[in-house]
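Laboratory data are not the source of any read-out in this text; all were calculated from the coordinates shown. Being a predicted model, the structure only gives us computed values, none of them experimental. Cβ sites come from the backbone with ideal geometry, for glycine too, and all protein chains shown count toward neighbours.
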Amino acid sequence: MKGTDVKLVIQKTLYTSDTLKTQNRLNMPLNQLETDEFLTEDERTIIESVVPKENTIEVSLLGPTLEMYELKMELTMWHLLRTKNYVLKTNWHRFWFDNKRHLKEGSKIQVWSFRRDQQLCFAITCVEKPGDVF
């Protein structure tokens, strides 16, 4: 894929709320991130805007089968009362549904960022499925 600038963004458990069609988003709380150094300054300015619909960046997503998902996602930041969260939304539920064999509720996943032709992309990998014994 010739990806560059690979960084582990977060390792988290996939909760029910991350799999619901009505939620249609993957929540990544800032206080759980491994790094927040995956955005360019221009991207950070866009994401940190408090104006809804103006604080999103279109990104591509590489799935657990190592195929680039055909639909784009949006990365945004939600400013909550006590915290801020990065959120992958728009087509998230379709991505999860298409990959639910690999991304089960309760799975421990990792979200990685990388650049492809200077564009921000993410990769989702499953580290541990519920019931896995190592």
**Report entry** Over the chain, volume per residue of the alpha carbon convex hull, in Å³
**Finding:** 120 Å³
Requested in this report: Please sort by residue number the trypsin sites (Lys or Arg not before Pro) in region 1-102 whose DSSP state is loop and whose Cβ has at most 14 other Cβ atoms within 10 Å.
Outcome: K2, K21, K53, K72, R82, K100, R101
Query - Net length gained if the chain between R82 and D42 were fully extended (0.36 nm per residue, minus Cα distance) - result: 11.9 nm
Requested in this report: Take every DSSP beta bridge whose two residues both sit in the chain, then give the antiparallel share in percent to the nearest 5.
Outcome: 90 percent
Report summary line: For the chain, whose charge dipole is built from +1 on Lys and Arg Cβ atoms and -1 on Asp and Glu Cβ atoms, the candidate among G3, F97, L75 with its Cα farthest towards the positive end is F97
Query raised in the report: Cα to Cα, under 28 Å, and not fewer than 8 places away if on the same chain: which lysines meet these conditions relative to K53?
Result: K7, K12, K21, K72, K84, K89
